[in-house]
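Structure first, commentary second.
The values are calculated or read from the model by the stated rules, or taken from the named source; none is laboratory data. This is a predicted model, so every value here is computed, not measured. For neighbour counting, all protein chains shown are included, and Cβ atoms are generated from backbone atoms with ideal geometry for every residue, glycine included. Quick note on the areas: whole protein, heavy atoms, side chains included, nothing else; ligands and nucleic acids left out. Shrake-Rupley method; radii C 1.70, N 1.55, O 1.52, S 1.80 Å.
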Amino acid sequence: VPLVRGAADDVGAAGGGAGAAAPERPAGPPPEGAPGWRRAFTGKDLGLDVAGGLLLVNASGSTDESVDNDVRALDPRDGTVVWERTGTVARTGKDTARDDVYLTDVKGERVRAVRASSGRTRWTYDFVDDFEYFEGPGDLTASGPVVCFRISRHGRDPAEQIGALGRDDGRRRWTSEPMEDLHAVTAGGGLVVAATATSLAALDVSTGKRRWRRAMEYGDHLIAGRDTVYACDRLGTLHALRAADGGTAWTHRNAAAWTARLGGGRVYLEGADGEVLALDAATGRTAWSRRVARLEDVPRAQSTAFRLAGGILYAACSDGTLYALDAADGRVRWIYAAEEIRRGAPASVAGLVHVATADGHVRAIVPPDSPGG
């Protein structure tokens, strides 16, 4: 909950880390985006994503997330509903060039692969007793040849496993070894990365065989890059691990990585509340840092949610403002403060930026027609 809204001078302030040059201070307040279309989702918690050139909206009932879920694919230009499904949660793959989206029912009994651009079903997999889907469909992830997710075998083995289906045909590919207290899964760079209460394990994406494992308490906020795997431990330390063997490349303490983003050779995350950090992905050195808002610093809290697109890092802040930062140096290119937005990852498609507002709408924002927009 924001306590103090940053003044215009504070929004422009920045400080570099070790070896980092401070971004140029703007001459005046940044330009503001203009409100575009909006669509109501009253009483819903909203998650935004992009696939097949459409805006995907995951809407769940705010009082009971096990029911009243639906997915709507909107035309990003005007908010028109292109297709929709009820009783499901949508997840996209890691390969953004593919026209893929995966719909899972809230009971964890079915996964459906559809064309994101049209909603047409490509294949459907119904889970059976010997391959039962875990009750948390949010952990579904797709990369390379497979779609992966947590599974459990109730009444047989209390441990959980990772199951994999072929991404193109929906056929069973492999099942991992049992893992105790499996709570996070991601995929990328030829690996499937799994976090348990005590360790982090990397599996071969094609076979499910373990490549390496290393001790880590409650690893989370996982990112699997081409050469490096990133994970935050329970104390808020970001670990950059070599994808080849799991060895430590570097660490960064006091990090909030709930919506950390990897791109352009950098990792973007939050330091103190309202402080955005860009770290060199190979060395962990601070490329730049910027405090976008003056908020009370609550240890291990998260006040921003990020999306990286087209050289711009969009940060939805708990002060109710959207900040568009230049990913290269952290300059505030523009902001949107015409209404209060929710702290959730924005989405950028068709030249517009889309956010969820505090009053229950999805809002399209038109970037300002200026050198900074």
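Can you go through VAL67, VAL4, VAL71 and tell me which one is β-branched (Val, Ile, Thr), under 30 Å from ASP99 (Cα atoms) and modelled with pLDDT under 90? Explain how you work it out, then say what you get.
On the way: VAL4 fails: under 30 Å from ASP99 (Cα atoms); VAL71 fails: modelled with pLDDT under 90.
Within the list VAL67, VAL4, VAL71, the selection yields VAL67.
Being surrounded by fewer than 17 Cβ atoms within 10 Å (Cβ to Cβ) and either touching a Cys at 6+ places or on another chain (Cβ under 6 Å) or within 20 Å of GLY144 (Cβ to Cβ) (or both) is the requirement here; does ASP227 meet it? Walk me through how you get there before you give the answer.
Details: surrounded by fewer than 17 Cβ atoms within 10 Å (Cβ to Cβ): yes; either touching a Cys at 6+ places or on another chain (Cβ under 6 Å) or within 20 Å of GLY144 (Cβ to Cβ) (or both): yes.
For ASP227, the condition - surrounded by fewer than 17 Cβ atoms within 10 Å (Cβ to Cβ) and either touching a Cys at 6+ places or on another chain (Cβ under 6 Å) or within 20 Å of GLY144 (Cβ to Cβ) (or both) - is met.
So, in the stretch 108-120, of the ones that are of a type outside the set (A, V, I, L, M) and farther than 17 Å from CYS148 by Cα, which residue ends up surrounded by the most Cβ atoms within 10 Å (Cβ to Cβ)? Outline the logic, then answer.
We begin by selecting, within the stretch 108-120, every residue of a type outside the set (A, V, I, L, M); these are 108-110, 112, 115, 117-120.
Narrowing the set further to residues that are farther than 17 Å from CYS148 by Cα leaves 115, 117-120.
On the way: ARG115: 16, SER117: 15, SER118: 13, GLY119: 18, ARG120: 10.
Once the filter is applied, the top-ranked residue is GLY119.
Among all residue pairs at least 6 apart or on different chains, which show Cβ distances below 6 Å where the first residue, located in the stretch 298-310, is within 21 Å of GLY265 (Cβ to Cβ) and the second is at pLDDT below 90?
none
Would you call ARG110 at pLDDT 90 or above and basic (Lys, Arg)?
Answer is no for this residue.
Identify the single condition in (1) open to solvent by 10 Å² or more (accessible area, probe 1.4 Å); (2) modelled with pLDDT of 95 or more; (3) more than 19 Å from ALA59 (Cα to Cα) that PRO368 does not satisfy, given that it satisfies every other one.
PRO368 satisfies all of (1) open to solvent by 10 Å² or more (accessible area, probe 1.4 Å); (2) modelled with pLDDT of 95 or more; (3) more than 19 Å from ALA59 (Cα to Cα) except (2).
Given LEU308, LEU352, LEU313, which one is at pLDDT 95 or above and open to solvent by less than 10 Å² (accessible area, probe 1.4 Å)?
Values: LEU308 fails: open to solvent by less than 10 Å² (accessible area, probe 1.4 Å); LEU352 fails: open to solvent by less than 10 Å² (accessible area, probe 1.4 Å).
Criteria check complete, one pass: LEU313.
Mind checking which strands (runs of 3 or more DSSP E) fall wholly inside the stretch 155-200 and carry at least 1 residues that are surrounded by fewer than 23 Cβ atoms within 10 Å (Cβ to Cβ)? Lay out the reasoning, then the answer.
Values: elements: 157-166, 172-175, 184-188, 191-195.
Passing ranges, in order: 157-166, 172-175, 184-188.
Which condition breaks for LEU295 when tested against (1) within 25 Å of HIS221 (Cβ to Cβ); (2) surrounded by fewer than 20 Cβ atoms within 10 Å (Cβ to Cβ)?
Among (1) within 25 Å of HIS221 (Cβ to Cβ); (2) surrounded by fewer than 20 Cβ atoms within 10 Å (Cβ to Cβ), LEU295 violates only (2).
Go through the stretch 233-252 and report how many residues are surrounded by 13 or more Cβ atoms within 10 Å (Cβ to Cβ) and not in a loop (DSSP other than H, G, I, E, B).
Looking only at that region, the number is 9.
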